Amino acid sequence: MMNKKDYFVVGFNRNISTSSSKGDENLAGSSQWSEIKHDEAIKTEEKATGRAKKARLDLKKHWKRFWCCYLVATVIFLAIFLPVFFLVAIPAIGQRIVDDTDLPIYGAEILDPKPDTISFALHTSLKVPGGLRIHTDPLDLSLFDKDSGPTEPYLSVSLPAYNLKGTTDMIVTQNNTKILNKSKFIDTLISAVYNKRFTLSAKGSTVGHLGKLKAPLTLHKNVELEGLDKLRGFSIESAKLLISKDDDGDNFVGTAILPNHSVFTFALGNVTLNLKSGDLVLGQAMIQNVLLRPGDNKVSLKGLLDIGFVLENIENIMDYQKEALSNGEIELSASGNSTIYNGVHIEYYEKVLNNLTLTTRVSILAVLGDTLQGLLNDSNSSIGDALRNFTGKIGNSSLLK
């Protein structure tokens with residue numbers, strides 16, 4: 001009985017059996033069927049080979065006939081693609097390199113402050129991927145407050161042309177840099193002085209050259225830096241009272257530590273501070289020629305304490321100092337009063353420092369010890385003479401024993 005699937009096989013119904021027995025018939029039929037399938041496979045392969053050869057011949061004929069069309073099409077494609085590549089892709093790649101590059105600030109200086117100008121210095125660097133050499137045209141870098149946007153810069157700094165390879169140091173110093181927006185400049189100074197960290201924002205446009213290729217580049221960075229943190233760590237290292245005023249009319253001298261946790265150096269000039277106990281202003285002290293460098297700055301201060309005012313308000317002062325006195329200390333505060341550079345008030349510094357209060361505690365014994373030592377060394381003081389005589393007698397009596 002014929003299998004339904006075999007019905008569709010070519011040559012299946014041919015009479016190919018010559019054996020008389022049923023078993024031989026099945027064997028012969030199987031062998032002949034295999035030969036038929038092999039022949040069919042060879043014919044199919046030959047047909048495929050023939051079609052492939054014909055296709056190759058047709059392709060050669062087609063190319064010989066239309067090669068000029070393909071050439072024109074290739075030229076047109078390149079004429080469109082190459083300008084797009086050089087005008088779009090290359091600038092995009094260059095801009096991506098700039099965007100991915102950090103702008104570290106190693107140091108900065110604000111020197112020679114004047115009412116409308118400063119001398120500004122900046123030390124930074126740019127890094128480009130290894131193997132690349134990029135030449136940049138001069139760049140005007142605008143510093144701005146990112147909260148108000150780059151359209152309102154407070155300073156503009158000119159950077160020269162650079163040949164960038166790997167990490168390239170960039171140091172720029174610009175004298176008489178005009179303060180373009182004083183209120184934004186003050187806001188940035190306040191942010192830098194009052195906070196642990198602040199953001200310095202910069203933007204500028206230039207042209208980068210990679211060999212003969214060039215591309216417009218925009219540098220737009222927001223760099224987070226350490227702030228002065230309200231001069232955290234301020235301390236008065238030594239302090240003493242003078243019984244008689246010195247030639248400048250001062251009766252208080254000492255040394256203080258002004259910490260600067262930032263990478264900025266500030267030339268402040270002569271800074272006058274209000275000396276306070278709580279809300280009571282007890283007198284004033286001046287620090288001359290302040291150059292606030294990164295790190296701890298040891299400065300000399302001298303001033304005038306209003307002894308009469310202190311005595312009039314001794315009860316309020318003692319009440320405020322109760323906790324400090326219980327620890328054998330006096331709490332002193334200092335706030336900005338004026339900032340003068342070369343005889344001129346620097347308004348933007350005064351607006352920053354006059355709202356800043358620095359507080360520290362000083363050992364009572366240390367103040368008394370420094371005061372007594374000062375009296376002993378004061379050859380013009382009658383009290384000093386009496387103390388020297390007194391200590392001399394004590395010394396002699398101890399020696400006699």
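The values are calculated or read from the model by the stated rules, or taken from the named source; none is laboratory data. Owing to the predicted nature of the structure, the values given are computational and were not obtained by experimental measurement. Neighbour counts run over all protein chains shown; Cβ positions are idealised from the backbone, glycine included.
Of all residues in the stretch 240-255, those that are touching a residue at least 40 places away in the same chain (Cβ under 8 Å) and closer than 14 Å to G283 by Cα have Cβ atoms under 7 Å from Cβ atoms of residues that are exposed (fewer than 12 other Cβ atoms within 10 Å of the Cβ) and of a type in the set (K, R), 6 or more apart or on another chain, in N251/K245. Within the option set G131, G94, being modelled with pLDDT under 95 and either touching a strand residue (DSSP E or B) at 6+ places or on another chain (Cβ under 8 Å) or of a type in the set (D, E, K, R) (or both) holds for one residue only, G94. Among the residues making up the stretch 142-173, those that are within 18 Å of the chain's Cα centre (by Cα), among the acidic types (D, E) and over 16 Å from D102 (Cα atoms) are D145, D147.
Of everything listed in (1) surrounded by fewer than 15 Cβ atoms within 10 Å (Cβ to Cβ); (2) modelled with pLDDT of 95 or more; (3) of a type in the set (A, V, I, L, M, F, W, C), the single unmet condition for I179 is (1). Under the condition of being of a type in the set (A, V, I, L, M, F, W, C) and either part of a strand (DSSP E or B) or modelled with pLDDT of 95 or more (or both), the residues counted in the stretch 287-331 number 9. D140 falls short of the stated requirement of being without any contact (Cβ under 8 Å) to a residue 24 or more places away in the chain, surrounded by fewer than 16 Cβ atoms within 10 Å (Cβ to Cβ) and of a type in the set (D, E). Does L180 count as closer than 30 Å to D296 by Cβ and over 15 Å from the mean Cα position of the chain (by Cα)? The answer is no for L180. Residues that are modelled with pLDDT under 90, of a type outside the set (V, I, T) and in contact with a helix residue (DSSP H, G or I) (Cβ under 8 Å, 6 or more places away or on another chain): does the stretch 140-148 have at least one? Within the stretch 140-148 (the criterion being modelled with pLDDT under 90, of a type outside the set (V, I, T) and in contact with a helix residue (DSSP H, G or I) (Cβ under 8 Å, 6 or more places away or on another chain)), the answer is yes, since at least one residue qualifies. Looking at the stretch 193-204, can you tell me whether even one residue there is over 17 Å from the mean Cα position of the chain (by Cα), among the aliphatic types (A, V, I, L, M) and either at negative phi or not assigned by TED's automatic domain parsing to the domain that holds I346 (or both)? No.
Take the conditions (1) under 20 Å from R133 (Cα atoms); (2) touching a residue at least 12 places away in the same chain (Cβ under 8 Å); (3) not small (G, A, S); K212 misses just one of them, which is (2). When we screen L275, L301, L282, L292 for residues that are crowded, with 19+ Cβ neighbours inside 10 Å, aliphatic (A, V, I, L, M) and under 20 Å from G227 (Cα atoms), the only hit is L292. The set of residues from the stretch 189-198 being buried (at least 17 other Cβ atoms within 10 Å of the Cβ) and in a strand (DSSP E or B) comprises just one member, F198.
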